[in-house]
Amino acid sequence: MEKLCSNFDLNPPQISSISTKFPTRPTSSLAYISHISCSNGSRHHKFVVQKIVSTPKNGSSSQFDKTGDSVGLNQGLVKSIGRGLVGFAAALAVCVDSPALAESLTVAFPVSPAHEVNTVQRTLVEAWSLIRETFVDPTFNHQDWDMKLQQTMVEMFPLRSADAAYNKISGMLATLGDPFTRIISPKEYQSFRIGSDGNLRGVGLFINVDPKSGHLVVMSCLEGSPADRAGIHEGDELMEINGERLDGISSEGAAQKLRGKVGTSVTVKVHRGNKSGGGDDLREVNLPREFIKLSPISSAVIPHKTSDGRLSKTGYVKLLAFSQTAASDMENAVAELENQGVQSYILDLRNNPASLVKAGLDVAQIWLDGDETLVNTIDRDGNMFPINMVHGHAKTQDPLVVLVNEGSASASEILAGALHDNGRAKLVGHRTFGKGKIQSVTELDDGSALFITVAKYLSPALHDIDQVGIAPDVQCSAEMLNSPRESYMKNKNSASSLEADSCIMVAEHVLEVQESKGSPS
């Protein structure tokens, strides 16, 4: 790799130790080095942080590791910041997996005099290097990624606050043209982990950024939650939180604003479009924050008579989100329904925006046998890798229909595609959202988290899902038949209210046809 670093004209001041949360060890009177190791899937990253306070006589401030190359900030960067303003330089040596398992990269940069900005500088280099090695598009949206680091460092240097510095990292990531590759603050990451664990203190909204419009849209509301009781619906656009406009705010950032101490309240302004019914209008709602246990599974038995007069029982399972407990909760729900003598199943993935892809793969194995392919991933080099089950054993062989709609995204689409393409289930509803990318989540040294799109995925039958979605076998309307919406919302999972859902009625008909053919799909 071409070397980018020229001379630093430095006048070293008094040395202080590097402020890190991991042990440091002096290697000389002028340098302090700290080593970090972290794992990201199959990759292993080691970060080496150095304070460099001496100016090499040969005119180069790059630091070389004998196993690799180096990248620094060129003379133009130093001049743009201003000679004499920089007390010392820092270098990050980043060792990552290469084919030889021995690639090393050293990045030298001028240290901001503002301590909190200096911390974010290190986060910038850490994030940049992870993107450099793992981002799905090796052209980085047809730009020079090394030059982008230099540009961002120049813009970050004069700043005085961590928030402003983080915004520069977000701006750098935005140039990749991928809304799913992003950085979130330590507080936002803590909220993300709490949501994945299944415990919330908030108002019960699932929100996501629509990649086409960039707006925050309600994907679904938790049943009985403050948002649900206030009549906020799927498809509503979130405009303001406590009077603050949400332009450019990530879904995690908005979720952080919605959450808070139980007993307090938050005011939201939502735009209700035609999709939600009731015209095109804005309304403001005050929502109390409550402790919400996110149970990703709800279930019920739907009794009905078949066309030949037989009494049949259908097990209905609604999966709200792919949390860490989703697979075990699903397995328990299926076991309970089996004990009640159901002969068929409806798995409802409507308005499930997903979360953890692994949870989606785990749920698929509850319904599938053998060594079936669950999904195919495509890496940045175009190599395709199937993810297969290993000696899978389904918990039931009963006929299955999966309900999907435009709110079914990511892991929901992986699950629906796996069940459909392997002949296990028919799909009923509407075309899905179309998020065919997989993100890795890496906690960075300062507690923030970097989401990186590391792969694209295709369904087992090699259907491209990204920005296209999955088309159902049978379409249906989402109307509630012979049941006022207010009554339905209060009794969502009662057998009578479920039977009033026209899509469930269509699903029951599809199941009856499957049963008459004697096939599980």
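Below 17 Å, Cα to Cα, which aspartates and glutamates can K148 reach? Residues fewer than 8 away in the same chain don't count.
Of all the aspartates and glutamates, those that pass the test against K148 - Cα under 17 Å, at least 8 places apart if same chain - are E2, E126, E133, D137, D178.
What percent does the relative contact order of the range 130-218 come to when contacts are Cα pairs within less than 8 Å and at least six residues apart?
The normalised contact order for the range 130-218 reaches 16 percent.
Can you return the aspartates and glutamates within cross-link range of K313? Criterion is Cα-Cα under 14 Å, with same-chain partners fewer than 8 residues away left out.
Partners found: E336, E338, D398, E499, E508, E512, E515.
Restrict the search to the range 119-179; then list the trypsin sites (Lys or Arg not before Pro) that DSSP places in a loop and that have at most 16 other Cβ atoms within 10 Å of their Cβ.
Passing both the DSSP loop test and the Cβ count: R160.
Which whole-number percent gives the relative contact order of the range 292-385, counting Cα pairs below 8 Å spaced six or more residues apart?
Relative contact order of the range 292-385: 26 percent.
Express in whole angstrom the spacing between the alpha-carbon centres of the range 339-383 and the range 108-184.
35 Å
What list of ³J(HN,Hα) couplings, whole Hz, do you get for the range 153-162 from phi and the Karplus terms 6.51, -1.76, 1.60, once you set θ to phi - 60° and write x for glycine and proline?
Each residue's phi maps through the Karplus curve to give 5, 4, 5, 7, 3, x, 6, 10, 10, 5 Hz.
From the cross-link list K212/K269; K395/K437; K395/K426; K168/K269; K261/K293, which pairs have alpha carbons spaced over 23 Å apart?
Exceeds cut-off: K395/K437; K168/K269.
Can you list the HN-Hα couplings for the range 170-182, worked out from phi with the Karplus curve (6.51, -1.76, 1.60; θ = phi - 60°), rounded to whole Hz and with x for Gly and Pro?
4, x, 5, 5, 4, 5, 6, x, 10, x, 8, 8, 7
How large is ³J(HN,Hα) for each residue in the range 327-337, as worked out from phi by the Karplus curve 6.51 cos²θ - 1.76 cosθ + 1.60 (θ = phi - 60°), to whole Hz, x for Gly and Pro?
Per residue, the Karplus-derived 3J(HN,Hα) values read 5, 5, 5, 5, 4, 5, 5, 5, 4, 5, 5 Hz.
Can you tell me the Rg and Dmax of the range 113-242, counting just the alpha carbons, in angstroms?
17.8, 51
Each value in this text was obtained by applying a stated rule to the coordinates, not by laboratory testing. Keep in mind that what you see is a predicted model, and the values were worked out from it rather than measured. Ideal geometry is used to build each Cβ from the backbone, glycine not excepted, and the neighbour counts take in all protein chains shown.
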